[in-house]
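J.: I am attaching a structure below and will ask some questions about it afterwards.
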Amino acid sequence: MKAFDAVYGAKFPKAVAKITDDVEELLAFYNYPAEHWIHLRTTNPIESTFATVRHRTKVTKGPGSRAAGLAMAFKLIESAQARWRAVNAPHLVALVRAGARFERGVLVERNEDTAA
């Protein structure tokens, strides 16, 4: 990150500041299993799901009422989930939820000294 700042900082200070100021958040996906990185680095599941809802409301000239819109969105998302891609390495999800630590995508075993 320091090399990036040194090379581009003088020419693009605002852009470099955006990246270097939030480097922890930018690289947070490295704290999860490497198999899950593809899912963490994309917003496509969210975008494609709501694209279906947006397309449907555009075709029908709006949902009508708030309740009808929520019901329509729910049913469209419910039907779309059948086509969603499954999570890579689903067995690691339980470890992530249990608070297991990963560094650079690899599970870090606890030391006996720190566990006690």
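Any read-out appearing in this document is the output of simple, stated calculations on the displayed coordinates, not a laboratory observation. Quantities reported herein were computed from a predicted structural model and do not represent experimental measurements.
J.: Compactness ratio of the chain: Cα Rg over 2.2 N^0.38 Å, N = residue count? Write down the numbers at each step before the final one.
T.: Details: Rg = 21.0 Å, N = 116, 2.2 N^0.38 = 13.4 Å.
Ratio of Cα Rg to 2.2 N^0.38 Å: 1.57.
J.: Also, I was wondering about something else. Regarding segment 18-58, what is the average projected area of its C-alpha convex hull, in nm²? It would help to have the intermediate numbers written out before the result.
T.: Numbers: hull surface 16.3 nm².
So the Cα hull casts an average projection of 4.1 nm².
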